[in-house]
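**Q** I have a structure here, written as structure tokens, and I will follow up with some questions on it.
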Amino acid sequence: TLVASLVLGLNLLPRIQGMFQSNGFSDAGILLPEFVIEASSGMQKAGEGMASLGSQKAWILIVYLVVVGLLLLRLMLSVAWLMLRMVRRGIVRSHGLRLVVSEKPHAPFSFMGLVYVSRQLMQDPDMESILLHEKAHLRRWHSFDLMFLELITAIFWFHPLVWMLRRELKQQHEYEADRYVLDNKVEKVYYQKLLLNFATHGLRIPLVNSFHVSPLKKRILMMNKKTKTNLFRLLLSAAIVLPFVGAVLLMQSVNASEIGA
């Protein structure tokens, strides 16, 4: 959905010529800001108005670029920190995964084919169940989702829906990983207690899938929920969404210059 939104927003769809024409006119109009010009000092006031408008736009652009720069810097520093940690600690193979073992205690997390764990966890009897969760993130390439979404968030930080989508996508990742663990015959109550034990541990890194990601209440409710396919709901969702998507595609493909009064 995010990729589709970007494609539609870039206005790349081919134009349909001749769909909308009114009275034979097809010239596009451009609405400019209104300025009141008086006879005595009209030129001066008009110039001041244009300068003020240009100044406001410049400040808005500067603020936007500063925030984009800060978010991209945070992204680059996070990647650099993870890579440096890998280089310093090295990679060991265990349980069919590539692990980066650290001395400080923290909840395990995964990033780009690697699982970062603390040394004290290596001897934990729950290690196998914990790594099943991280293996699910790796198999479903969740790190690429997060990297892509962090880039989009940096560019469109001013859009509230981007932040909401970012939060919901991370939550969906956890649902998928939890389901993978339970499908591998791990007892549900035991796994939920394991999650609660790690609820207060971990590193706050936006790029990683951490074992303890909150809110845990939603994850536990999802695990306890009986899932079944509801054909009626699927058809109803399609009936609502498909016309909306079709209307958006139609609007994107119409040549705006052909719509006139």
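The values are calculated or read from the model by the stated rules, or taken from the named source; none is laboratory data. Predicted model, so just to flag it, every value in this text is computed and none were measured. We place every Cβ from the backbone using ideal geometry, glycine too, and count neighbours over all the protein chains shown. Each accessible area value is taken on the protein alone, full model and side chains, heavy atoms only, with ligands, DNA and RNA left out. Shrake-Rupley method; radii C 1.70, N 1.55, O 1.52, S 1.80 Å.
**Q** Checking the conditions here, which among E134, E150 is under 30 Å from V63 (Cβ atoms), in contact (Cβ under 8 Å) with a residue 60 or more places away in the chain and among the acidic types (D, E)?
**A** Just one listed residue meets the conditions, E150.
**Q** Would you tally the residues in region 152-179 being open to solvent by 70 Å² or more (accessible area, probe 1.4 Å) and assigned to a helix (DSSP H, G or I)?
**A** Residues that pass the stated criteria total 9.
Rundown of residues vs (1) surrounded by fewer than 14 Cβ atoms within 10 Å (Cβ to Cβ); (2) under 23 Å from the mean Cα position of the chain (by Cα); (3) modelled with pLDDT under 70; (4) in a helix (DSSP H, G or I), yes/no style:
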site	(1), (2), (3), (4)
G202	no, yes, yes, no
I205	no, yes, yes, no
V213	no, yes, yes, no
R219	no, yes, no, yes
M223	no, no, no, yes
T227	yes, no, yes, no
F232	yes, no, no, yes
L235	yes, no, no, yes
V241	yes, yes, no, yes
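**Q** Let me ask something else. Would you point out the residue of region 79-99, among those that are farther than 22 Å from D126 by Cβ and in contact with a Phe, Trp or Tyr (Cβ under 9 Å, 6 or more places away or on another chain), that is surrounded by the fewest Cβ atoms within 10 Å (Cβ to Cβ)?
**A** If we take residues in region 79-99 being farther than 22 Å from D126 by Cβ and in contact with a Phe, Trp or Tyr (Cβ under 9 Å, 6 or more places away or on another chain), then R85 is surrounded by the fewest Cβ atoms within 10 Å (Cβ to Cβ).
**Q** Still on this structure, please answer the following. Which one of these is open to solvent by 70 Å² or more (accessible area, probe 1.4 Å) and among the charged types (D, E, K, R): D183, D126?
**A** D183
**Q** Related question: Look through region 106-120, keep the residues that are touching a strand residue (DSSP E or B) at 6+ places or on another chain (Cβ under 8 Å) and in a loop (DSSP other than H, G, I, E, B), and return whichever of them is surrounded by the most Cβ atoms within 10 Å (Cβ to Cβ).
**A** P108
**Q** Return only the number of the condition from (1) of a type outside the set (D, E); (2) over 11 Å from the mean Cα position of the chain (by Cα); (3) exposed (fewer than 14 other Cβ atoms within 10 Å of the Cβ) that Y191 does not satisfy.
**A** For Y191, the exception is condition (3).
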